Amino acid sequence: MPVRFAEVAVIVLIGDGVVGALFPVRHARRWLRGPRFWRRAMRPFVEHPEVTRGAAVVEAVAGVWWAARLPARAR
């Protein structure tokens with residue numbers, strides 16, 4: 001995976017994780033659009049904000065862990 005793409009992915013993971021941890025219900029509700037199977041999969045995250053918050057924290061930590069392991073880009 002190219003480093004530049006990985007950097008973008010890391011930023012998205014960390015940002016999504018932080019927003020999900022701070023605003024679990026509001027953030028989970030944003031994902032309630034789409035096909036029925038997707039809405040059903042996302043509904044528990046709206047109904048159980050503690051699960052959403054926990055998953056979001058894990059996501060942010062994983063993003064930071066991944067960022068720490070990315071190689072430095074040469075000029």
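None of the figures in this text is laboratory data; all of them are computed from the coordinates on show. Everything numeric in this text was worked out from a predicted model, so none of it was measured. Note that each Cβ is placed from the backbone with ideal geometry, even for glycine, and that neighbours are counted across all protein chains shown.
Relative to the longest principal Cα axis of the chain, at what angle does helix 3-22 sit, 0 to 90 degrees, rounded to 10? On a 0 to 90 degree scale, this one is about 40. Name the residue from L32, V10, A55 whose Cα lies farthest towards the positive end of the charge dipole of the chain, charges +1 on Cβ of Lys and Arg and -1 on Cβ of Asp and Glu. Farthest towards the positive end: L32. Computed extension gain for V12 through L70, at 0.36 nm per residue and net of the alpha carbon distance, reaches 19.4 nm.
Can you run the Rg to Rh ratio on the chain? Use alpha carbon positions and the Kirkwood inverse-distance Rh. Here Rg/Rh amounts to 1.10.
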